[in-house]
Amino acid sequence: MMKHTVWVAMVAFWPAVAQSSTDEAWAELRDRTVAECTRLAQDAAPDAELSVTPNEFGTETHALALVVATLPDRPSELSVCLLDKQTGAAQLSVPFQDLPDTLQP
């Protein structure tokens, strides 16, 4: 009877444990994406004011973030940052050129 009670308790609480773990994993991925993308953007434009906006889920293999770099007296520049979910390697694109007005950062 004791084994049955333990089994029922495990089954009852498993979704909450799994959801909590999933939420924690997504938060960790977002934090790691922001940290790595910020580091790359600071290396590329050390004097720029940066805004890093992670995509909530990215793709199956990569986390994504939009990076806006703003230097005094210059228009803001928009780049994309990719973080490989398995290796943790991050890459920053060169800034987009000639964005339509609706996409200007």
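Checked against the criteria, T102 does not count as surrounded by 10 or more Cβ atoms within 10 Å (Cβ to Cβ), among the polar types (S, T, N, Q) and modelled with pLDDT under 95. Scanning the range 48-86 for residues that are surrounded by 14 or more Cβ atoms within 10 Å (Cβ to Cβ), under 13 Å from the mean Cα position of the chain (by Cα) and not in a strand (DSSP E or B) turns up N55, G58, K85. Screening S93 with (1) at pLDDT 95 or above; (2) more than 18 Å from A35 (Cα to Cα) gives one miss only, at (2).
The values are calculated or read from the model by the stated rules, or taken from the named source; none is laboratory data. On a predicted model such as this, the values are computed, not experimentally measured, just so you know. Every residue, glycine among them, receives a Cβ derived from its backbone with ideal geometry; neighbour counts consider all protein chains shown.
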